[in-house]
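Participant: Quick one: this structure, given as structure tokens, is what I'll be asking you about.
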């Protein structure tokens, strides 16, 4: 592993662990109503652009996409289609970033060395039914989509097929979270 990759991996691990601890100790930091207030206060007329950027770069902030969908629904209570498009686009773009990032860090090689038998099995399944595995994984709300992004990236699944599968799988989830937010917050 090159020095640049080791540094990037160290920064990523530190950020991941650090933000995980911060969010566990201070869950109000990712409380949707507080994020809405913060965006309204700090973004002003650039609120849509700020929401788009936050949605696109979600993997760097480690804010769950669910939280951002709720934030968007509260921010734009009359524009659910806009929230849907931005949220789904953010999820798909994030999936693409994660797809490439995992391989860039050289984590695929580490997993290959430590779990070669499992990797072969996954490669076989993804080569046969990869599109539908990614759709199924993405539509299941209790597993992080980021994991399948890492796997698909490390196994070099065709990027276009992968992103389309993530988009299709995430459509019902995004709709569910928007509808749930409308109901929960009485919007």
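Nothing in this text is a laboratory measurement; each read-out follows from the coordinates by a stated rule. It should be emphasised that the depicted structure is a prediction, and the values quoted were computed from it without experimental measurement. Because the Cβ atoms are built from the backbone with ideal geometry, glycine has one as well, and the counts that use them run over all protein chains shown.
Participant: Name the most mobile residue of 93, 165, 24, meaning the one with the largest mean-square fluctuation, in a Gaussian network model of the chain with Cα contacts below 10 Å.
Facilitator: The residue with the greatest mean-square fluctuation here is 24.
Participant: Need one number: nm distance between label points at residue 159 and residue 16, each 7 Å from Cα along Cα→Cβ, rounded to one decimal.
Facilitator: The modelled label-to-label distance comes out at 2.2 nm.
Participant: Please give the length that would be gained between residue 25 and residue 47 if that part of the chain were fully extended, namely 0.36 nm times their separation in residues minus their C-alpha to C-alpha distance (nm, one decimal).
Facilitator: Contour length minus the Cα-Cα distance gives 5.2 nm.
Participant: Per the helix-only calculation at 222 nm, which mean residue ellipticity applies to the chain, given -39500 (n - 2.57) for every DSSP H run of n ≥ 4 and division by its residues, nearest 500 deg cm²/dmol?
Facilitator: After summing the helix terms and dividing by the residues of the chain, the value is -27000 deg cm²/dmol.
Participant: Enter the angle in degrees (range 0 to 90, nearest 10) between the Cα long axis of helix 80-104 and the first principal axis of the Cα atoms of the chain, meaning the one along which they spread out most.
Facilitator: That works out to roughly 30 degrees.
Participant: Right, something else. For residue 187 and residue 143, what does the FRET efficiency come to when R0 = 35 Å and r is the distance between their Cβ atoms, rounded to the nearest 0.05?
Facilitator: Rounded to the nearest 0.05, the efficiency is 0.80.
Participant: Another question, then. What whole number of Å gives the distance from the Cα centroid of segment 118-187 to the Cα centroid of segment 25-91?
Facilitator: One Cα centre to the other: 20 Å.
Participant: Okay, next question. Pick from 43, 95, 152: which is most flexible by mean-square fluctuation in a GNM of the chain where alpha carbon atoms under 10 Å apart are linked?
Facilitator: Of the options given, 43 has the highest mean-square fluctuation.
Participant: Work out, step by step, the length gained on full extension between residue 2 and residue 118: first 0.36 nm times the residue separation, then minus their alpha carbon distance; give nm to one decimal.
Facilitator: So the chain would gain 39.2 nm between residue 2 and residue 118.
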